[in-house]
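Written out below as structure tokens is the structure these notes cover.
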Amino acid sequence: MNKFDNKTFLKTVGTLGVPVIFQQLLTACLNMIDTVMVGGLGEISVAAVAVANKLVYVYSLVIFGLCTGLSIFVAQYYGAGEYKKIGKLSGFMYACVAGAGL
């Protein structure tokens, strides 16, 4: 049986994938709009926006990596039925993200 013929699988992938695609599209548009708005102010201003966009990109990568790495542990704990550890790990993940945000 081919997995891609399964309508439930494709619906699940669409449900999970479309919001992620939309979020990445908005992030890319935000960076482009910043550059366009500042474009009339000169090269130094555009260069400053480019540097700021790089910092935002690195921050996004750090948060994404942190959450992805910790979600692997959540999946393992879920499979093992250790639901209390999932709560503790989720709290730790939220604290790390909040700390990185500050």
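The values are calculated or read from the model by the stated rules, or taken from the named source; none is laboratory data. Every value quoted in this text rests on a predicted model; they were computed, and no experiment measured them. The protein model used for the area step is the full one, side chains on, heavy atoms only, and it has no ligands, DNA or RNA in it. Shrake-Rupley method; radii C 1.70, N 1.55, O 1.52, S 1.80 Å.
General remarks:
- In this structure the chain gives 80 Å² per residue of accessible area when probed at 1.4 Å with all protein chains present.
- Helix-only [θ]222 nm of the chain, DSSP H runs n ≥ 4, -39500 (n - 2.57) each, per residue, nearest 500: -31500 deg cm²/dmol
- ³J(HN,Hα), Karplus 6.51/-1.76/1.60, whole Hz, each residue of the range 58-74, x for Gly, Pro: 4, 4, 4, 5, 4, 5, 4, x, 4, 5, 5, x, 6, 5, 5, 5, 4
- The 3J(HN,Hα) values that the Karplus relation (6.51, -1.76, 1.60; θ = phi - 60°) gives for the range 24-31 are, in residue order, 5, 5, 5, 5, 5, 5, 4, 4 Hz. Gly and Pro appear as x.
- When the Gaussian network model of the chain links Cα atoms closer than 10 Å, the mean-square fluctuations of Val13, Val38, Val56 top out at Val13.
- Measuring nothing but protein heavy atoms, the accessible surface of the chain at 1.4 Å probe radius is 74 percent carbon and sulfur.
- Stokes-Einstein D in µm²/s, Kirkwood radius over Cα pairs - the chain at 37 °C with 0.692 mPa s viscosity: 194
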